[in-house]
1. Within the range 46-57, how many residues turn out to be surrounded by 10 or more Cβ atoms within 10 Å (Cβ to Cβ) and over 13 Å from TRP89 (Cβ atoms)?
2. Give me the pairs, please: first residue somewhere in the range 58-74 and over 10 Å from VAL88 (Cβ atoms), second residue anywhere and loosely packed, with under 14 Cβ neighbours inside 10 Å, beta-carbon distance under 7 Å, and either six or more positions apart or on two chains.
3. Taking helices (runs of 4 or more DSSP H) that do not extend beyond the range 1-80, which have at least 2 residues that are of a type outside the set (Val, Ile, Thr), farther than 30 Å from GLN96 by Cα and at pLDDT 60 or above?
Amino acid sequence: MPFGDEDEAGRVLAEPSAAGPATKNAASLPPRPVESSSLSPVFHPLAYRSVVADWPVEWREQWGRRANALEESGLSWRDAETQAFVEVWNLRRDQQTAHSPAGALTQSNVERN
């Protein structure tokens, strides 16, 4: 069985050029995607930012100052913002709880018990 560059008698029809057939074929093929061993990071929207946007200006300023301080201490900006959010949220929640009458039960709570 003759190869593509031989005739029936087995003689070579043409001498291969320096840029041989493999190079010509490779140039006409589309590039293959490079496979990476690691996946690209997936970034999700920062859910707490929509909550912070609804806070009063004083709370947002406190959150921003705390996030900056945490970032200066070495946390990434995402971790710093998240940590600051948790701290300010808990502080404000505790303050709101302290202002409500402690131990006072509303009529609906009394009826449930």
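The values are calculated or read from the model by the stated rules, or taken from the named source; none is laboratory data. Note that the coordinates shown come from a computational prediction; the quantities given were computed from them, not determined experimentally. For neighbour counting, all protein chains shown are included, and Cβ atoms are generated from backbone atoms with ideal geometry for every residue, glycine included.
1. 1
2. GLU71/TRP77
3. Details: elements: 21-28, 48-53, 57-72.
Hits in the range 1-80: 21-28.
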